[in-house]
Amino acid sequence: MKKKIVVFTGAGISKESGVDTFRDAVDGLWENHKIEDVCTMDGWRKDREKVLNFYNDRRRQMPTVEPNDAHKALLKLEEYFDVTIITQNVDDLHERGGSSDIIHLHGELTKARGSFGNGGPWNIHNPVYDIGYGDINIGDKCESTDSQLRPHIVWFGEYPFRVNEAYGKFLSADIVIIVGTSLQIGYTLSFFDNLPKGFNVIYIDPNPSRDLDTLDLNIEYVEKGAVEGVTEIVERIINEQK
């Protein structure tokens with residue numbers, strides 16, 4: 001039976017493909033937009049067209065960027081290991097890089113959903129639509145709820161997707177690799193709370209958070225960018241497995 005590897009990725013791996021990320025926001029601005037205007041339910045209520053245009057622009061950018069060597073290196077692991085990618089990123093670079101098992105905690109740019117469920121907020125039982133790189137426009141409706149379509153994105157104040165499934169993947173993993181995330185979103189640290197004493201974690205980031213040092217884990221810090229660090233670690237892990 002193949003050993004299980006969980007790879008937990010954030011903005012750093014997409015940045016090296018040229019994707020503008022929330023992590024790069026300066027003075028509360030992302031692509032010259034206030035975060036609260038385009039990444040919150042309040043922003044959606046105030047100006048739906050602004051929010052839709054913002055994400056339409058992000059979606060149009062996707063075909064212009066390509067998976068980098070870090071994405072491609074992670075695919076190589078699948079020949080020797082059972083690999084799950086758990087990502088905070090909303091782009092499709094892991095998919096296009098070839099990875100087969102991907103959990104998007106914060107949603108996906110290439111999908112849309114209705115603004116409301118049957119009499120209440122959206123939930124997992126309402127449909128999600130694959131829209132590719134197309135736009136969402138005012139007047140586009142969910143067939144099930146007759147509500148305005150919105151990006152299938154987790155905004156501030158909303159609960160991430162598939163969190164329980166992600167917890168299970170962490171608990172069953174033999175190795176966890178972190179790539180390009182600062183771990184500053186509160187719930188992410190809880191993924192590591194129940195890992196066994198001395199569990200091996202490899203953390204690849206030029207400026208890794210040290211918040212995990214409070215846990216009794218065996219953490220290897222690789223202070224490099226995603227492409228360099230992932231390529232190096234994947235090659236090493238595969239050679240050790242052979």
>> Need the failing condition index for Asp82 against (1) at pLDDT below 95; (2) surrounded by fewer than 18 Cβ atoms within 10 Å (Cβ to Cβ), just the number.
In response: (1)
>> Looking at the stretch 171-180, can you tell me whether even one residue there is closer than 30 Å to Asn56 by Cβ, buried (at least 17 other Cβ atoms within 10 Å of the Cβ) and not β-branched (Val, Ile, Thr)?
In response: yes
>> Please go through the stretch 209-219 and give me each residue that is modelled with pLDDT of 95 or more and either assigned to a loop (DSSP other than H, G, I, E, B) or within 22 Å of the chain's Cα centre (by Cα) (or both), ordered by number.
In response: Leu217, Ile219
> Which residue pairs have Cβ atoms under 6 Å apart, sit 6 or more places apart or on different chains, and have a first residue in the stretch 1-13 that is modelled with pLDDT of 95 or more and a second that is assigned to a strand (DSSP E or B) and among the aromatic types (Phe, Trp, Tyr)?
Replying inline: none
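If you check Leu183, Leu195, which single one turns out to be assigned to a loop (DSSP other than H, G, I, E, B) and crowded, with 20+ Cβ neighbours inside 10 Å? First the steps, then the outcome.
Values: Leu195 fails: crowded, with 20+ Cβ neighbours inside 10 Å.
Testing whether each residue is assigned to a loop (DSSP other than H, G, I, E, B) and crowded, with 20+ Cβ neighbours inside 10 Å leaves just Leu183.
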> Going by the structure shown, is Leu105 of a type outside the set (S, T, N, Q) and touching a residue at least 60 places away in the same chain (Cβ under 8 Å)?
Replying inline: yes
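Would you say Asp91 is touching a helix residue (DSSP H, G or I) at 6+ places or on another chain (Cβ under 6 Å), among the charged types (D, E, K, R) and in contact (Cβ under 8 Å) with a residue 40 or more places away in the chain? Step through it out loud before you land on a result.
Values: touching a helix residue (DSSP H, G or I) at 6+ places or on another chain (Cβ under 6 Å): yes; among the charged types (D, E, K, R): yes; in contact (Cβ under 8 Å) with a residue 40 or more places away in the chain: yes.
So Asp91 fits the description; yes.
Within the stretch 42-161, considering only helices (runs of 4 or more DSSP H) that don't extend past its boundaries, which have at least 2 residues that are in the same structural domain as Gly186 (by TED's automatic domain parsing) and of a type in the set (D, E, K, R)?
Output list reads 69-77, 93-96.
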> Going by the structure shown, is Ile153 out of contact with any Phe, Trp or Tyr (no Cβ under 6 Å at 6 or more places or on another chain) and closer than 18 Å to Ser115 by Cβ?
Replying inline: yes
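Any residue that is of a type outside the set (Gly, Ala, Ser) and under 17 Å from the mean Cα position of the chain (by Cα) - is there at least one of those in the stretch 229-241? Outline the logic, then answer.
Start the filter on the stretch 229-241 by keeping residues that are of a type outside the set (Gly, Ala, Ser), which leaves 230-241.
Subset that is under 17 Å from the mean Cα position of the chain (by Cα): 230.
Yes, because at least one residue in the stretch 229-241 is of a type outside the set (Gly, Ala, Ser) and under 17 Å from the mean Cα position of the chain (by Cα).
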>> I'm trying to understand the selection: among the residues of the stretch 130-147, which are modelled with pLDDT of 95 or more and crowded, with 16+ Cβ neighbours inside 10 Å?
In response: Ile131, Ile136, Asp140
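The values are calculated or read from the model by the stated rules, or taken from the named source; none is laboratory data. Just so you know, these numbers come straight off a predicted model, no measurement behind them. For neighbour counting, all protein chains shown are included, and Cβ atoms are generated from backbone atoms with ideal geometry for every residue, glycine included.
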